[in-house]
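The values are calculated or read from the model by the stated rules, or taken from the named source; none is laboratory data. What you see is a predicted model, and the numbers here were worked out from it, not measured in a lab. Note that we place each Cβ from the backbone using ideal geometry, even for glycine, and neighbour counts take in every protein chain shown. These area figures cover heavy atoms from the full protein model, side chains too; ligands, DNA and RNA do not enter into them. Shrake-Rupley method; radii C 1.70, N 1.55, O 1.52, S 1.80 Å.
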Amino acid sequence: MSRKKLCAIFLILILLCPLVDGCNLGNPNTQLQKSGFYFDTVITITLYGSSHEALLEDCFALAAKYESYFSNTIPDSDISQINAAAGKAVTVHDETIELLEKSIYYSELSDGIFDVTIGKISDLWNISTKALLNETDASMIPAKSEIDKALATVDYRNIVIDGNNVSLRNPDARIDLGGIAKGYIADKMKAYLTEHHVTSGHINLGGNVLCIGEKPDGSPYNIGLQKPFAGDGSSIAAVKIADQTVVSSGVYERYFKVGDALYHHLLDTSTGYPIDNDLLGVSIITTASVDGDALSTICFALGIEKGLALIESLPDTEAIFIDADYVLHESSGIGEDVLLTVF
């Protein structure tokens, strides 16, 4: 499938859900809006009360820069160079160090449930590509022997950081920042925009929505949570937020099916197979998108009980879990600190 067709498909999905009210171009409060394709995701930025189109251009320049650092498919990126170095140290940019350190923090917090050295496993499954194929062949499922071999390379403790030099103790390990990079990029865009006096707008990176301040009329943004597998992109619920982020992860985002079995992109770092726990999705509401990105994956893997316990231990963080029966399970601040509407 061509990149142009991929962009069209992702753009339709993003404009449908998550639904950010006030996002349509016909809204008189919308001053500027721009979309672009990075990290296999359409990024849409909407600014209110600003006429400086150069700010949008600069944000997309940031996206291109960070993709050139963090992608594991661009051959000369920082991450690709680390992966190809066979254990030798590679000098990388400050932002790569910052993101790797944040990744290690969440790996430690989750006891390895979140682990960016999952690259060999994610490459083996190649869910994003297989999800686009109109096939249901059992050959799409990797052999257990291959999974076990790749699983032996997954251990975040093999990442060695010394200043701006990064190496891998296991030369066969492979870093994949796909579970956290979009959140980091969204935060960097927001920081840039607020430094340039933007006080209202939102950044949409597919499952990551990051709001700048409030809407122009002073009211919160209404963010839709996608109903899993809804072909029309409809929402199962919506939350009202201001100057926060909503990050969602779910089995419905990228998957393929063989018979009645569904194989999705949220992989279990202990087994090497897609996580199987009767959850359809998790949405995190917090202040930094990079945190929401990692926590949505962690909480999905932990399941409802343990995931909610983790969220309750963290400040300024809420979560909504969608189980296999489409029932919502919310953290204690939902309905109080964060208003929720269920459809």
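In whole angstrom, note down how far apart the Cα centers of the stretch 209-268 and the stretch 29-70 are.
So the separation of the two Cα centres works out to 20 Å.
Give me a comma-separated list of calculated 3J(HN,Hα) values for the stretch 163-177, in order, Karplus coefficients 6.51, -1.76, 1.60 applied at θ = phi - 60°, integers in Hz, x for any Gly or Pro.
x, 9, 9, 10, 9, 10, 4, 9, x, 8, 5, 9, 8, 9, 8
Solvent-accessible area per residue for the stretch 220-343 at a 1.4 Å probe radius, Å²?
Per-residue accessible area for the stretch 220-343 comes out at 40 Å².
Kindly write out, for the stretch 184-196 in residue order, the coupling ³J(HN,Hα) from the Karplus curve 6.51 cos²θ - 1.76 cosθ + 1.60 (θ = phi - 60°), rounded to whole Hz, with x marking Gly and Pro.
Each residue of the stretch 184-196 in turn: 4, 5, 4, 4, 5, 4, 4, 4, 5, 5, 5, 4, 9 Hz.
Note down, for the chain, the three equivalent ellipsoid semi-axes (square root of 5 times each alpha carbon gyration tensor eigenvalue), biggest first, whole angstrom. Don't skip to the answer; put the middle values down first.
Working: eigenvalues 182, 117, 78 Å².
The answer is 30, 24, 20 Å, longest axis first.
Subtracting the Cα-Cα distance from 0.36 nm times the residue separation, let me have the gained length for ALA84 to THR129 in nm, one decimal.
Full extension from ALA84 to THR129 adds 14.0 nm.
I'd like the carbon and sulfur percentage of the solvent accessible area for the chain, probe radius 1.4 Å, heavy atoms only, ligands and nucleic acids excluded.
So the carbon and sulfur contribution to the accessible surface is 49 percent.
Between THR271 and THR91, how high is the FRET efficiency from 1/(1 + (r/R0)^6) when r is the Cβ-Cβ distance and R₀ = 56 Å? Nearest 0.05.
Between THR271 and THR91 the formula returns 0.95.
Quick check on the chain: helices-only [θ] at 222 nm, where DSSP H runs of length 4 and up contribute -39,500 (n - 2.57) each and the sum goes over total residues. Nearest 500, please.
The per-residue figure over the chain is -10000 deg cm²/dmol.
For the stretch 95-195, what is the accessible area per residue in Å² when the probe is 1.4 Å?
Result: 45 Å² of accessible area for each residue.
At what distance in nm do the modelled label points of THR341 and GLU53 sit from each other, each positioned 7 Å from its Cα along Cα→Cβ?
3.4
Tally Lys/Arg at +1 and Asp/Glu at -1 over every other residue whose Cβ is under 14 Å from the Cβ of ALA63; what's the total? Before the final figure, lay out the partial values.
Working: positive: LYS34, LYS65, LYS182, LYS188, LYS190; negative: ASP40, GLU57, ASP58, GLU67, GLU95, ASP187.
Result for the neighbourhood of ALA63: -1.
Can you tell me the relative contact order of the stretch 188-343? Whole percent, Cα pairs under 8 Å, sequence separation 6 or more.
Averaging sequence separation for qualifying contacts and normalising by length gives 19 percent for the stretch 188-343.
Say R0 is 25 Å: what FRET efficiency, to the nearest 0.05, do HIS197 and ILE74 get from their beta-carbon distance?
Here the calculated transfer efficiency is 0.15.
Tell me, what is the percent relative contact order of the chain, built from C-alpha pairs under 8 Å that lie six or more residues apart? All intermediate terms of the calculation are to be shown ahead of the outcome.
On the way: 674 pairs, mean separation 60.0, N = 343.
Normalised by residue count, the contact order of the chain is 17 percent.
Under 5 Å between amide H atoms, partner at least 5 residues away or on a different chain: which partners does ILE43 have, H built in plane at 1.01 Å?
When sequence neighbours closer than 5 places are left aside, the close amide H contacts are GLY36, PHE37, TYR38.
In whole percent, what relative contact order does the stretch 140-258 give with Cα contacts below 8 Å and a gap of six or more residues?
For the stretch 140-258, the relative contact order is 16 percent.
Based on the mean of other beta carbon atoms within 10 Å per residue, what is the order of 324-331, 221-228, most packed first?
221-228, 324-331
Using the basic label-point model (7 angstrom from Cα toward the beta carbon), what is the ASP217 to ALA324 distance in nanometres?
For the pair ASP217/ALA324, the computed spacing is 4.3 nm.
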